[in-house]
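Since every read-out is calculated from the coordinates, none of them should be taken as a lab result. None of these values were measured; they are calculated from a predicted model. No Cβ is skipped: glycine too gets one built from the backbone with ideal geometry, and neighbour counts run over all protein chains shown.
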Amino acid sequence: MARALGAALLAAALAACQLAAPSLTLLFLGRSPAASMGGHSWAPDPDSSRIVAFDGTLRVAKVFTSARLATPIAVAPLGGGANLLVSERTGQGVVFDTSGRAVREWESPDPADIYAAALGRDRVAAARSPYDVAFVAEPDTAPLLRILDTLGKPVGRLGTVHLPTVPFLAQLANAGAVTTDASGAVYFARLVRDEIVKYDATGAPRWSATRGRFAKETDPVFIPPRPGARDIAARYAIVNIALALGPDGKLYALGGSDSAATELRLDVLDTASGKIVATRALGPRETAVAVTRQGRLETFDAETLLARAGGGRREAFSPPFALPDLHGDTVRLAALAGKVTLINLWASWCDPCREEFPHMAELYQEFPRSDFAIAAISDDVDLGKMLGFVREFRPPFPILVGGGRMKQIYHYRGLPYSVLLDRHGRVIERIFGFGGAEEFKSLRSTIAKEVQAP
C-alpha cells in the first residue's frame, strides 16, 4: 500500500514537472519590441492595427484594437503595471489600460519618436524612431534622447546628437532602438551605427558596445535624385533595429546581418559590462524571439503566432454619431442598423480622399441599399470648400457634415480614415489611408461575405 502510494506520488510529481514548462517572455514580434506585464507579453501587430497579449506558452490571451492604433510599432509597460505605452509609427505615444481603453496620448517631441519605459518607473525614454525617419536637419545642441514624464512632457535629456556631413540626414544618423530597466538605466542602439550605449539613472554613460559589423564607421550618404524624381534617398547600412531586456537580466539586440537587414541576427549583452555573451543568426521563419527566466532562447514564426489571434472579438463602433446631411436632416448611426456600413472620414484638402471617392462610388453601387450603406463624414471646417468638393465628385452616397470636430472625437491619425461595420454596428476592420484598387478589391470581398451573414 505504501509502495503503491509512493509510486503514485512520484508519477504525479513527474507529470507536474512536465506540465510546468518554463514560462516564455516574448522579446520581439517581427521587428518590434514587446512588453512583459501582468503575466503576459504584449506585442504590436502593425499590419492589423492591434495589440496582442500572449501567455507564458505564447498562446493568445487577449487582443484589442482602437481608432488610436493605426500602425503600432512598440509596446512598453508604464508606471505600476496597470498601463501600456504604445509607440505609433507616426510618433505618438498612446497609453492604454490592459482592457484596451485609451487613457491618454501625446505628440512626438521629434518628427517621430519611439518610447521605452520600465515597470515601477515614472520616466519614459524617447528616441528618434528607426521605423519612420524624416530627412530634416538638427542643431548640434539637440539631445540624443529625451526623458519624459508619464504624461509625455519632457523633463530631461541624455547625450547629444551626432551631426553627419549632410545636415538633413541628422534624424537618420541619430535614430535608433531604446529600452530601459527598473534601475532607471537607459540603453540605446543607433539604427545606422555599430554602437549600443548604456546610460545610468543619473544620465552618465556607463559603457559602449559594438557588434563588430564594420572595420570603419561611415555616415549615411545622400543619393542625388535622378532627373524628374521627387523622392529623397540615402545610402546607409542598417545595424540595430530593436532592443529588449529579458527576464534573465540580459540585454537583447535585434539587428541586421547584412546592410539591408534582409537577414537578422540576435546579440545578447551583459548589462553590467556591455560584453556580448552570445550571438545567433536568425532564419527567415525565426521572426518572433522569446526567452525563459533562465535565459533559454526560443524562436517562432510570427505569422503563425498571430494567426492564433484570429479576428478578435468585434466591438461596437463608438461613439455613435448624429450629424446633419447636406439638407440639414440629422442622420444617426442607429438608422443604419441592419446594414453593413462603411463609415468614411474625409476632407476637401485631402488628396488621397480625392483618389478614394471614385472607388467608393463604384463600391456603393455594387450592393443593394438594403444590405450596404456608406456614411461619408466631411471633417472640413470650411463649408464652402466641402460643398465644392461634393459638386466636383457628385457622390451617390450620403455626405454628413462633421464641421472639423471629428478628429477630436474619433482620434484618427490622418485622412481618409474608414471603419467597416457589420449589421450589428460592430467594427469589422479599420482602414487607415487609401490603399488603391487592391485595398478596395479586398474590401469588396469582405462586404460580400458580411452581407450574407445574419
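Observations on the model:
- Lys, Arg +1 and Asp, Glu -1 on Cβ, resulting dipole of the stretch 322-450 about Cα centre, debye, nearest 20: 320 debye
- Residues Arg101 and Glu362, FRET efficiency given R0 of 30 Å [Cβ-Cβ distance, rounded to 0.05]: 0.20
- For the pair the stretch 353-424 / the stretch 99-149, the C-alpha centres are spaced 33 Å from each other.
- When the trypsin sites (Lys or Arg not before Pro) in the stretch 237-324 are filtered for DSSP coil states and for at most 15 other beta-carbon atoms within 10 Å of their beta-carbon, the remaining sites are Lys275, Arg285, Arg293, Arg296, Arg308, Arg313, Arg314.
- Arg332 versus Phe168: modelled label distance in nm, points set 7 Å from Cα along the beta carbon direction: 5.3 nm
- The stretch 97-180 shape via C-alpha gyration tensor axes, a/c threshold 1.5: prolate
- Size of electric dipole in the stretch 324-376: Cβ of Lys, Arg +1 and of Asp, Glu -1, about Cα centre, debye, nearest 20: 240 debye
- Restricting the GluC sites (Glu not before Pro) of the stretch 332-437 to loop positions (DSSP other than H, G, I, E, B) with no more than 15 neighbouring Cβ atoms within 10 Å leaves Glu366.
- When Phe188, Phe393, Phe214 are sorted by how many other C-beta atoms sit within 10 angstrom of their C-beta, beginning with the fewest, the order is Phe214, Phe393, Phe188.
- Cα centroid separation, the stretch 60-92 to the stretch 199-272 (Å): 23 Å
- The chain: angle of helix 351-365 to the longest principal axis, Cα-based, in degrees nearest 10: 60 degrees
- Calculated FRET efficiency, Arg405 to Ser318, Cβ-Cβ distance, R0 = 25 Å: about 0.95 to the nearest 0.05.
- Over 23 Å (Cα to Cα) - which of Lys216/Lys275; Lys62/Lys153; Lys198/Lys250; Lys339/Lys441; Lys407/Lys449 fall in this group: Lys62/Lys153; Lys407/Lys449
- Student exercise, the chain dipole from Lys, Arg, Asp, Glu Cβ charges, in Debye to nearest 20: 860 debye
- For the stretch 158-163, backbone phi angles converted through the Karplus equation (6.51, -1.76, 1.60; θ = phi - 60°) give residue-by-residue couplings of 10, x, 10, 6, 9, 9 Hz, Gly and Pro being listed as x.
- Positive contributions from Lys and Arg (+1) and negative ones from Asp and Glu (-1), summed over other residues with Cβ under 10 Å from the Cβ of Ala290, come out at 0.
- When peptides 415-428, 200-213 are ranked by their average number of other Cβ atoms within 10 Å per residue, the highest-first order is 415-428, 200-213.
- Of the residues Pro396, Leu264, Ala134, the one whose Cα sits farthest toward the positive end of the charge dipole of the chain, with +1 on the Cβ of Lys and Arg and -1 on the Cβ of Asp and Glu, is Leu264.
- In the chain, the calculated helix contribution to ellipticity at 222 nm averages -5000 deg cm²/dmol per residue, counting -39,500 (n - 2.57) for every DSSP H run with n ≥ 4.
- Counting neighbouring Cβ atoms within 10 Å and putting the fewest first, the residues Thr279, Thr98 line up as Thr279, Thr98.
- For the chain, the residue among Ala67, Pro109, Leu85 whose Cα projects farthest onto the positive side of the dipole built from Cβ charges is Leu85.
- Counted charge near Leu336, where neighbours are those whose Cβ lies closer than 12 Å (Asp, Glu -1; Lys, Arg +1): +2
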